Amino acid sequence: PFAGSGTTAVECRLLGIPFVGIEICPLSCLMTRTKAAFPAEPRMLDDVAQSFTASYNKRWTSFVKGRAAASITHVEILGRKGNPIPSFANVERWFTPEALLGASIAVECAMSLEGFARDASLLALSSKMRSIGNVDVDVVRAEYSKQPRKNVEVGRIVTRQLEKMSADVAASLSSHAGLIGPR
């Protein structure tokens, strides 16, 4: 019970110990499921990063059509065909248009994938939301600024996180060779 973010599940798998995790929080379930199902070949995450980047860039270019992202309104982004993010109060205080569009496209791209690739992409995005929205990431306790973070490149942030996940998996596979249990 209380699987949390899945660290115990990952350690069990790395040591070849069977485990069952139970968690009520959907985000914690996503984290645990994804982390514990790390691929036996880290290249898979590099492939997910490349696929995500290509899909993200195509959608971004198609929607922006040469305009500056800052010139696009929040309402226009939330009304974009394919946008999975519902409208919410004070959206302009949380995200610049560029960050909102990036988050919208990132969720859309991730949801177009299947299985582990989808979960890994959503986890990468989720883990970086403090760096995308208006939360001060340099403090221990979340503090919200009065202005959303500017110059946020969501596609690059998510891609870098997927690449970091790949490197972490490679390191774990190397350090625990011969011990790792099945998915």
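Counting only residues that are of a type in the set (A, V, I, L, M) and within 15 Å of ALA103 (Cβ to Cβ), how many does the stretch 150-182 have? Total satisfying the criteria: 4. Among the residues of the stretch 107-114, is there at least one that is within 26 Å of ASP47 (Cβ to Cβ), touching a residue at least 12 places away in the same chain (Cβ under 8 Å), under 15 Å from the mean Cα position of the chain (by Cα) and open to solvent by 40 Å² or more (accessible area, probe 1.4 Å)? Scanning the stretch 107-114, I find at least one residue that is within 26 Å of ASP47 (Cβ to Cβ), touching a residue at least 12 places away in the same chain (Cβ under 8 Å), under 15 Å from the mean Cα position of the chain (by Cα) and open to solvent by 40 Å² or more (accessible area, probe 1.4 Å), so the answer is yes.
Among the residues of the stretch 118-128, those identified as open to solvent by 20 Å² or more (accessible area, probe 1.4 Å) and small (Gly, Ala, Ser) are SER126, SER127.
Residue pairs whose Cβ atoms lie under 8 Å apart, separated by 6 or more positions or on different chains, with the first residue in the stretch 66-91 and free of Cβ contacts under 8 Å to residues at least 40 places away in the same chain and under 20 Å from LEU125 (Cα atoms) and the second open to solvent by 40 Å² or more (accessible area, probe 1.4 Å) and among the small types (Gly, Ala, Ser), are LEU78/SER87. If you check SER104, SER131, SER87 for being polar (S, T, N, Q), surrounded by fewer than 18 Cβ atoms within 10 Å (Cβ to Cβ) and not in a loop (DSSP other than H, G, I, E, B), only one passes: SER131.
Within the stretch 45-64, is there a residue that is within 20 Å of SER127 (Cα to Cα), aromatic (Phe, Trp, Tyr) and touching a Cys at 6+ places or on another chain (Cβ under 8 Å)? Among the residues of the stretch 45-64, at least one is within 20 Å of SER127 (Cα to Cα), aromatic (Phe, Trp, Tyr) and touching a Cys at 6+ places or on another chain (Cβ under 8 Å), which makes the answer yes.
Among GLU92, GLU76, which is the only one that is out of contact with any His (no Cβ under 9 Å at 6 or more places or on another chain), open to solvent by 60 Å² or more (accessible area, probe 1.4 Å) and assigned to a helix (DSSP H, G or I)?
GLU76
Inside the stretch 3-49, can you point out the residues that are among the hydrophobic types (A, V, I, L, M, F, W, C) and in a loop (DSSP other than H, G, I, E, B)? If the condition is that a residue be among the hydrophobic types (A, V, I, L, M, F, W, C) and in a loop (DSSP other than H, G, I, E, B), then ALA3, LEU15, ILE17, PHE19, VAL20, ILE22, ILE24, CYS25, ALA37, PHE38, ALA40 are the ones that fit.
The values are calculated or read from the model by the stated rules, or taken from the named source; none is laboratory data. Note that this is a predicted model, so its numbers are computed, not measured. Every residue, glycine as well, gets a Cβ built from its backbone with ideal geometry; the counts of neighbours run over all protein chains shown. All accessible areas refer to the heavy atoms of the entire protein, side chains included, with ligands and DNA or RNA removed. Shrake-Rupley method; radii C 1.70, N 1.55, O 1.52, S 1.80 Å.
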